[in-house]
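To keep things clear, I will list the structure first and then write my remarks on it.
The values are calculated or read from the model by the stated rules, or taken from the named source; none is laboratory data. Just so it is clear, the structure is predicted and the values come from calculations on it, not from any experiment. Using ideal geometry, Cβ is built from the backbone for each residue, glycine included, and neighbour counts are taken over all protein chains shown. Only protein heavy atoms, including side chains, enter the accessible area calculation; ligands, DNA and RNA are left aside. Shrake-Rupley method; radii C 1.70, N 1.55, O 1.52, S 1.80 Å.
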Amino acid sequence: MPSSAGATNFPPFRYSARLAADIESRWQDTWDAEGTYNAPNPAGPLKDVERLAGKPKAFILDMFPYPSGAGLHVGHPLGYIGTDVYARFKRMKGFNVLHALGYDSFGLPAEQHAITTGIHPRINTESNIANMRRQLRRLGLGHDARRSVSTTDEEFYKWTQWIFLQVHGAWYDTAQNRARRIEELVRECESGAHQLPDHRAWAEYSAQEKHDYIDSHRLAYLTDAPVNWCPGLGTILANEEVTADGRSDIGNYPVFKRNMRQWMMRITAYADRLIDDLDRLDWPEPIKLMQRNWIGKSEGARVSFTSSAGAIEVFTTRPDTLFGATFLVLSPEHPLVSAVTSADAAGAVAAYVAEAAAKADDERQDDSKVKTGVFTGAYATNPVTGKDVPIFIADYVLMGYGTGAIMAVPSGDQRDFDFARTYNLPIVATQMPPLSWFEQRNIAPSSDCSTWPEAFVGDGEYIDSANDSLSLNGLSSISDAKSRMNVWLQSNRHGEATTTYRLRDWLFSRQRYWGEPFPIVYDEHGNAHAVPQSALPVLLPELADFKPTTLDPNDADSDPIPPLARVKEWTTVTLDLGSGTREYKREVNVMPQWAGSCWYEMRYLDPTNADTFIDPEVERYWMGPQGEGHTGGVDLYVGGVEHAVLHLLYARFWHKVLHDLGHVSSEEPFHRLFNQGYIQAYAYRDARGQTVPATEVVEDNGTYSWNSETVSREYGKMGKSLKNIVTPDEMYEEFGADTFRLYEMAMGPLDASRPWNTRDVVGMQRFLQRLWRNVVSEDTGELVVTNEAPPEELLRHLHRTIAGVEADMDGLRFNTVIAKLIEFNNALTQHTTAVGTSPRALVEPLVQMLSPLCPHLAEELWNRLGHTTTVTYVPFPQADPALLKEDAIEVPVQVNGKVRGRISIAPDADDDAHIAAAMALDNVVLALEGKTPVKTIVVRGRTVNIVVK
RNA sequence: GCCCGAGUGGCGGAAUGGCAGACGCGACGGAUUCAAAAUCCGUUGUCCGUGAGGGCGUGUGGGUUCGAGUCCCACCUCGGGCACCA
């Protein structure tokens, strides 16, 4: 029925989903068979020097995907299509392009899946990867398949472990400002070149003391770090998995914040370089800002206040306001809390400390909450005023930042101001705010802070800031006042200028199974030793049960038993590490998922190298610095903003360590970064709050209904539970991959998030159908292209299009590329419809420009046009400047900024010609009637504006 | 709460400080058709006007400028990150 009706009328050679599927699978097979997208290396197993042929290189990279069990939805490939289009464009511009995709396949979801199903995570992970490869192959991405590595491959994680050993085997030399091999530190200790902290010589250190001293300098080191320990689940929890009242999200077990022995990475040693080198990266400014804020460098001072319990060191970023410090606040965890607390206050203080321990850090710092705190009953002395100031404890002060103690200057800090108001503490101004500050707040200027509604932060003249040997009075800049105060503090031994960072060292241990084992063993004294490189990889042992061992939920002092700890035959190992064959215990934690994603891009470059993680020559070619002062790194890195801080910071840190140790020539992993947006979707709920299938919802004038029941709409991610998933497979079925690719690129700028709307996809299919018809007859399948000379106007239009498309492609503005191609194709369609044929001189460049976006269709048309080789490496069309020049352009004429008409004028006409033409317009004459022109502004070729009174 | 970003027709969006709404969807009208689909052509921010034309319009309020979607200040709403999801 529908088939017979359709079959009789439907043109046999129309570009339909079925024809697209046929074209697409044929070309995908051809590309695979011919290795069309294989990129040659200058050395090593993938060496092919002939194909390098003096081309410039472009290393284009997508953020490392996790192979999810749910498969892809249409939101996932957005970035991959974007990089593919760009990579194809660069190939046509003569670049040797490397584009590949691997899998970040360790991690929690696979482990959770294994726990619930009992299926080994490797089996599950591999089938997920296979499914994702199938879905992506169908998209026609031009990836070099030989370079698709997975972090769970033994040959991959061997090198992750090797890099861990490099970090472990290094220390940071602050004098040279770089990492060096730990053996060099040992030699410097032995020779006396290294300054030891006590007065003894290295030779006087015991073997254990030497070991401890060296270990304490490593970039990977063991320490007691605070974690959320949940014995009821047997695991450590993320902050987000802990509820506000300190229990586990899952199971509602108690969670204890306590210290545990963990591997850490000394990323703080690189804080300055991680900040400074941002200046040399081509990254979006907001991302750089987020990294700078995350590292949180602040220059300030440590100031020592004397108290009954001894000196209390505070860190402040505003030493210039020390004269206004009217109380001190210690973190509840501060070691001096119990020593300073008076007998009277002891009860209240102990209760507050316990309460604070149960809160999460982010909750404690929530500035919207009322500040809480308790007076300790003790006082300290302000070193500049000599006055006694009360000591409080309050949970908004965190132990992990600065010294865990602050001097409170309520007149100059809003949190201190709130606290002072709550507890009736004195507020003393040390700076006079400018008049405008008072005006905005509708109060009379006064240095009496009782009239102030809030603290003043900014440059203002210093007042009441003097003692016998120091005066800041009359200064008006914060930095001048700071440096004068710092000099005074230093010379009077009350403190010193210092720099602190918000950045903390990186906690690197996970009490899990599905991760890289550490290449570390412990001797009978508990000392950690590196496994020799020859013993890598340290393979993950087989396991049948992946559950963490659960313990008594209320026993805060128990220790986690990670899955690996249960594999007795694995944990005990006999090795000769230089002191004879002995028995050692393996480290039973595993690395975090970040580890693999910190260096994977380098393995793409040399995926099969068995001798080294990457051949230095290969690294230099693809990632090396491109000139003096250039950091080197990936030429384009595309991924979501959600990785703005952590992944990008960790990867930069590892890269810098490898650079310092001489393993890589580049200083940074990712030279240019671009953040793609998200494709989101609408979801609908009925009156009971149940989600209903989004595809079945109908819209009528702003109201939505499902089964004639009104439903409410919400906007967010695609997800199974929201019943709003659309998959690429559905799009391949309904439209074909090229239409799907085109729609994803056309729906908005790559860096913006937008909602998916299947209904709109047909617009792109119609465009491709029109384009197809301009080349191939729908009825006969014959070419409709001839060698006729193209009309002048269309030729000009083509060259305007080429120029615009090239610029937009370079700027990753694929949505406007597509708009320009559609405009040109629409113009061509008019000609072709009228004449019956299309000029080859217009069709071929159009097909070439389309090919990065719709590679299958372009290959097919290119082939039908008589070409026998792939369109992939055909040079991109060039715009002819002679055809871009216009005889006359249209310029709007404004009167007082309002458009009153348009003039047509030569593009190189002078100001007077513009004005004369503008004044001659009827509508302008009308608008000027009875008014006096006072000024005329001409922006040549842009606008004429006549200002009248 | 803190840090970063975004708000433009019915919808997705376009616009080096210089003609707001390119291109696509939808809607409406026409051609074709026995009819429909498909295709092709046209209209489509809004209000006033038969028309030429004019008023108003880029989340809200202010400011800078001859001129502001674009720059500055404040506010509102939404999205991302906050260290064991990665």
Practice task
Within the range A:273-289, work out how many residues are more than 10 Å from RNA strand B (Cβ to nearest atom) and either more than 17 Å from residue A:654 (Cβ to Cβ) or free of Cβ contacts under 8 Å to residues at least 40 places away in the same chain (or both).
Solution key: 7
Handout entry: Among (1) within 30 Å of residue A:854 (Cβ to Cβ); (2) under 27 Å from the mean Cα position of the chain (by Cα) - the single one residue A:138 does not satisfy
Key = (2)
Handout entry: Residue that is farthest from RNA strand B (Cβ to nearest atom) [pool: residues in the range A:773-787 that are open to solvent by less than 50 Å² (accessible area, probe 1.4 Å) and either among the aliphatic types (A, V, I, L, M) or closer than 30 Å to residue A:885 by Cα (or both)]
Key = A:786
Completion exercise
Filtering the range A:740-787 for residues that are within 15 Å of residue A:80 (Cα to Cα) and in contact with a Leu (Cβ under 7 Å, 6 or more places away or on another chain) leaves a count of 5
Practice task
Tell me which residues, restricted to the range A:132-173, are part of a loop (DSSP other than H, G, I, E, B), touching a residue at least 24 places away in the same chain (Cβ under 8 Å) and of a type outside the set (Gly, Ala, Ser).
Solution key: A:138, A:139, A:141, A:143, A:144, A:149, A:151, A:152
Handout entry: Filter result for residue A:891 (in a strand (DSSP E or B) and either touching a residue at least 24 places away in the same chain (Cβ under 8 Å) or within 12 Å of RNA strand B (Cβ to nearest atom) (or both))
Key = yes
Exercise for the section: Check the range A:793-814 and report whether any residue there is within 27 Å of residue A:73 (Cβ to Cβ) and open to solvent by 20 Å² or more (accessible area, probe 1.4 Å). Expected result: yes
Practice task
From A:80, A:86, A:66, grab the single residue that is in a loop (DSSP other than H, G, I, E, B) and in contact with a strand residue (DSSP E or B) (Cβ under 9 Å, 6 or more places away or on another chain).
Solution key: A:66
Problem - Condition broken by residue A:766, with the remaining ones in (1) within 30 Å of residue A:887 (Cβ to Cβ); (2) open to solvent by 20 Å² or more (accessible area, probe 1.4 Å); (3) not aliphatic (A, V, I, L, M) satisfied - result: (1)
Handout entry: Residue that is of a type in the set (S, T, N, Q), surrounded by fewer than 20 Cβ atoms within 10 Å (Cβ to Cβ) and assigned to a loop (DSSP other than H, G, I, E, B), where the choices are A:450, A:446, A:483, A:479
Key = A:446
Problem - Residues located in the range A:486-513, provided they are open to solvent by 20 Å² or more (accessible area, probe 1.4 Å), among the β-branched types (Val, Ile, Thr) and within 16 Å of RNA strand B (Cβ to nearest atom) - result: A:499
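For the range A:932-946, enumerate the residues that are hydroxyl-bearing (Ser, Thr, Tyr) and within 8 Å of RNA strand B (Cβ to nearest atom).
A:943 - this is the single residue of the range A:932-946 that is hydroxyl-bearing (Ser, Thr, Tyr) and within 8 Å of RNA strand B (Cβ to nearest atom).
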Practice task
Run down A:660, A:686 and say which single residue is surrounded by 13 or more Cβ atoms within 10 Å (Cβ to Cβ) and closer than 30 Å to residue A:173 by Cα.
Solution key: A:660
Handout entry: Residue list for the range A:239-280, filter: in contact with a Phe, Trp or Tyr (Cβ under 9 Å, 6 or more places away or on another chain), over 22 Å from residue A:172 (Cβ atoms) and hydrophobic (A, V, I, L, M, F, W, C)
Key = A:255, A:256, A:260
Handout entry: Subset of the range A:806-817 (residues that are within 10 Å of RNA strand B (Cβ to nearest atom), outside any helix (DSSP H, G or I) and not charged (D, E, K, R))
Key = A:811
Problem - Qualifying positions in the range A:675-710 - in a strand (DSSP E or B), modelled with pLDDT under 80 and aliphatic (A, V, I, L, M) - result: A:698
Practice task
Kindly provide the set of residues from the range A:238-267 that are open to solvent by less than 50 Å² (accessible area, probe 1.4 Å) and near RNA strand B (Cβ under 8 Å from one of its atoms), ordered by number.
Solution key: A:238, A:260, A:262, A:267
Fill in the blank from the handout: Considering residues that are exposed (fewer than 14 other Cβ atoms within 10 Å of the Cβ) and not basic (Lys, Arg), the number found within the range A:696-747 is 17
